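The values are calculated or read from the model by the stated rules, or taken from the named source; none is laboratory data. Predicted model, so just to flag it, every value in this text is computed and none were measured. Methodologically, a virtual Cβ is constructed for each residue, glycine included, from the backbone with ideal geometry; neighbour enumeration extends over all protein chains shown. Side chains are part of the model used for accessible areas, which takes the heavy atoms of the whole protein and leaves out ligands, DNA and RNA. Shrake-Rupley method; radii C 1.70, N 1.55, O 1.52, S 1.80 Å.
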Protein chains: 2
Amino acid sequence: MISNQIVTISREYGSGGRIVGKELAKAMDVPYYDREILNKVAEESGFSRELMEEDERKAGNGFFYNLSMAFGSGSSGDYTSINEKFFLAQFDYVQKMAKEEKSFVIVGRCADYILREFNNVTNVYIYGDTEDKIKRAVEKYGQTEEEAEEIMKSADKARANYYHYHTGRKWGDPHNYNLCIGSGRVREEKIANIILEYIENREA
Amino acid sequence: MISNQIVTISREYGSGGRIVGKELAKAMDVPYYDREILNKVAEESGFSRELMEEDERKAGNGFFYNLSMAFGSGSSGDYTSINEKFFLAQFDYVQKMAKEEKSFVIVGRCADYILREFNNVTNVYIYGDTEDKIKRAVEKYGQTEEEAEEIMKSADKARANYYHYHTGRKWGDPHNYNLCIGSGRVREEKIANIILEYIENREA
């Protein structure tokens, strides 16, 4: 087990980033987390998982997502919008995880931003050519090429908008990550090796 | 010696990418090339190295660089601008190198674009946080912080404009490269290890 190392993975739809995360967690012998932590966040915060997921999908429409700022809880002086409340609940949960567990792999959740003050974190971005990503989606999810292209566009748009809205950063800009790996010519478990090589070679 | 492997390195000013290229060439036991190939290009094409270098610097001002399209050689029907001619001379030279030598490391020169049809090429982008890059420039080149910041801005702007003008691509967009490595927390020779790990793990 590799100790005191957290890896966050951000990924384009169809790039295989989620599988990279699982392979990496296995290789490091540490826990793996992704969207499923919403169950835990729901438990601790009292918010509904379904509403939180719905909120993320709505981010695909940046304009209306921003508008929803207007719908705060309305209680005296509390103008935090509901999507900010959802985000803050996740924010607190992921930070708590990092303080308690020290070592894990987490996919998505803006974890690179949430954990930006932690020294033991490596941020990775997995991306690919449109053609390769569609091919992977067709193979793994049984979509037609047209479906895959449509879903990919809308999923990545939602991710980019959600990330930008909550972090003020541009999703997919290399400067947000320590390492960006194109998945077109390397298998998922091999990408995990490259990430391990980074971790082993980086300064404390 | 690693055979039949070409690595192109694009890098932000102050990111240490040139040293990474040298360390990598040493580790692979293959030749290393950079701006110095302009001497050879000059020899083969008859163009002046000084003028070619001047042309690259001019790219910092994108608007005037594009305008220089207007100054073709003027001979009957030949409207290729002088900056395109310089670029094409390099283009031919780098392609010839790839066909003849098979294995080398090359820094800059839009080599990722020039060699995009070659299967044995790995394209790498080395980048960094502004603060880290300034620090490196101060240490390595003896600049003051203010000088380093100024030179960095102007050098990277020229690189981005030159690249975009000649390739139609956005410089620094991960999709142009197989691997992007932030140099902030990893020494140059260690970054070479990570690139080697990528090469060893990629599909043919």
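Structural remarks
- Just so you know, the Rg over Rh for chain A is 0.97, from Cα atoms, with Rh as the Kirkwood radius.
- Rounded to the nearest 20, the size of the Cβ-charge dipole of segment A:6-203 about its Cα centre is 240 debye, with Lys and Arg at +1 and Asp and Glu at -1.
- Shielding by partners for peptide B:168-180, expressed as the average number of C-beta atoms from other protein chains within 10 Å of each residue's C-beta, is 4.
- Burial ranking of peptide ranges B:178-188, B:148-158 (average Cβ count within 10 Å, highest at the top): B:178-188, B:148-158
- For the protein assembly as shown, the antiparallel share of DSSP beta bridges with both residues in that region comes to about 15%.
- Those residues of segment B:152-187 whose amide nitrogen sits under 18 Å from the label point placed on B:ARG57, 7 Å along Cα→Cβ: B:152-163
- The protein assembly as shown - Cys residues lacking any other Cys C-beta under 4.7 Å: A:CYS110, B:CYS110
- Loss of accessible area when A meets B, both sides summed, Å² nearest 100, probe 1.4 Å: 2500 Å²
- Once the 1.4 Å probe is applied to the protein heavy atoms, the protein assembly as shown comes out at 49 Å² accessible per residue.
- Debye intensity ratio I(q)/I(0), log10, the protein assembly as shown, q values 0.08, 0.10 Å⁻¹ (C-alpha model): -0.50, -0.76
- Spacing of the modelled spin labels on A:ARG49 and A:ILE2, each 7 Å from Cα toward Cβ, amounts to 2.9 nm.
- Taking every residue in B:191-200 and counting other chain Cβ atoms within 10 Å of its Cβ, the average works out to 5.
- Listed residues B:VAL124, B:VAL138, B:VAL20, most fluctuating in chain B (Gaussian network, C-alpha, under 10 Å): B:VAL138
- Surface share of carbon and sulfur [accessible, 1.4 angstrom probe, percent] for segment B:6-203: 48 percent
- Cα lying deepest toward the dipole's positive end in the protein assembly as shown, options A:TRP171, A:ILE2, A:MET52, charges on Cβ: A:ILE2
- Bridging of B:LYS22 to aspartates and glutamates at a Cα separation below 18 Å is possible for B:GLU12, B:ASP34, B:GLU36, B:GLU101, B:ASP112, B:GLU188, B:GLU189, B:GLU197, once same-chain residues fewer than 8 apart are set aside.
- Pairwise Cα inverse-distance average, inverted: Kirkwood Rh of segment B:3-58 (Å): 13.0 Å
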